[in-house]
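The values are calculated or read from the model by the stated rules, or taken from the named source; none is laboratory data. Not measured: the values here are computed from a predicted model. Please note: Cβ atoms are built from the backbone with ideal geometry, for glycine as well, and neighbour counts cover all protein chains shown. Heads up: the accessible areas ignore ligands, DNA and RNA and are worked out on the full protein's heavy atoms, side chains in. Shrake-Rupley method; radii C 1.70, N 1.55, O 1.52, S 1.80 Å.
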Amino acid sequence: MPFAELGEVRLFYTDDGPPAAAGVPLLLVHGLGADSHDWVPHLPRLTAGHRVIAPDLRGHGYSSAPEAGYRPRELAADLVRLLDRLEVPRVTAFGHSLGALVVSALAVEHPGRVRALVCVDPGYGQPPDVAAAFPAMIEGLRADPYGTALANDAWCYTAASPPWLREWHRRKILGTAPHALAEGFAGMFSGDDQFGVRPAADAYLARRACPVLSCWSHARAESADWERGLFKHPASRALVWPGGGHRLHAERPAEFLHVATAWLAELDRLDTLDKEMPA
């Protein structure tokens, strides 16, 4: 079944790959105003050698849209329930934008469930000068969710971004529950438990003990330097993609897959070396 009934929410997901795939399954988590179709360009290659689970977050895509539950920790709790249903004890989690906050919450709150993270232009780590505009953005999203979200989407692209990508995500935003747009954004950047804005982001993300690969857009290059100071695992990396837009994994899918899979292969090699080391 491509739907999981998880109490108050019904999640759509796909679960693909070789039945006896070795290694830790992959969990792919999209961003705000998007859905799991974001990962379609990557699925053929990833599912050739891995079990790959790609859900729609609550309020997005084909999943149901309860009135509440859109803060990153709550969205991560939905994914824990989904993984429990699928009897998946541990994953390597990919997350884009809001999805990077969700998988980071998964790694902090449920560390035994996460082997590693791949974070794509994460929504976290916003500096205070940028975050100063967020209260007005939250008000705008609550008053005019689609107009505000579409206007905000303009920053996500560069001159090299293909027109089809802009149109694809315009339609995705229009297909997202309006309260999910408003409360998902508010959950990232407001409230006592937010960790999208510095310095709260520093304290929370420093609790991620697993390896992290983060890929930052050209517009947020400064954030890569900031995040390197938070990493705990020696295999963690923060990379900047020159010319890359917010959806860099969709703009340059082959390059993104090359970087991500090479890094995961390096983790496999390090794990093998650790096991071969004498006690």
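Couple of notes before you dig in:
- Being exposed (fewer than 15 other Cβ atoms within 10 Å of the Cβ) and either within 17 Å of the chain's Cα centre (by Cα) or touching a residue at least 12 places away in the same chain (Cβ under 8 Å) (or both) is a description that applies to Leu174.
- Pairs, first under 21 Å from Ala151 (Cβ atoms) and touching a residue at least 40 places away in the same chain (Cβ under 8 Å) in segment 182-203, second among the basic types (Lys, Arg) and assigned to a loop (DSSP other than H, G, I, E, B), C-beta under 7 Å, six or more apart: Gly187/Arg71
- Filtering Glu74, Glu87 for residues that are of a type in the set (D, E, K, R), part of a loop (DSSP other than H, G, I, E, B) and either within 20 Å of His110 (Cα to Cα) or under 16 Å from the mean Cα position of the chain (by Cα) (or both) leaves a single hit, Glu87.
- Condition broken by Val108, with the remaining ones in (1) surrounded by 23 or more Cβ atoms within 10 Å (Cβ to Cβ); (2) within 18 Å of Tyr204 (Cβ to Cβ) satisfied: (1)
- Enumeration of residues in segment 122-161 that are of a type in the set (S, T, N, Q), farther than 30 Å from Ala206 by Cβ and not in a helix (DSSP H, G or I): Thr158, Ser161
- Here Trp226 does not qualify as under 12 Å from Val120 (Cα atoms) and at pLDDT 95 or above.
- Arg58 meets the stated requirement of being basic (Lys, Arg), open to solvent by less than 10 Å² (accessible area, probe 1.4 Å), within 24 Å of Leu248 (Cα to Cα) and within 20 Å of the chain's Cα centre (by Cα).
- Taken over segment 162-218, the residue count meeting the criterion of being in a helix (DSSP H, G or I) and farther than 30 Å from Leu267 by Cα is 23.
- Of the listed requirements (1) aromatic (Phe, Trp, Tyr); (2) open to solvent by 20 Å² or more (accessible area, probe 1.4 Å); (3) under 29 Å from Ala133 (Cβ atoms), Trp263 misses just one: (3).
- Looking only at segment 156-171, and only at residues there that are touching a Gly at 6+ places or on another chain (Cβ under 9 Å) and either open to solvent by 70 Å² or more (accessible area, probe 1.4 Å) or not hydroxyl-bearing (Ser, Thr, Tyr) (or both), the one that is nearest to Tyr62 (Cα to Cα): His169
- For segment 23-47, filtering for residues that are in contact (Cβ under 8 Å) with a residue 24 or more places away in the chain and open to solvent by 60 Å² or more (accessible area, probe 1.4 Å) leaves 3.
- Enumerated strands (runs of 3 or more DSSP E) restricted to segment 1-70, each holding at least 3 residues that are more than 21 Å from Cys119 (Cβ to Cβ): 3-6, 9-16
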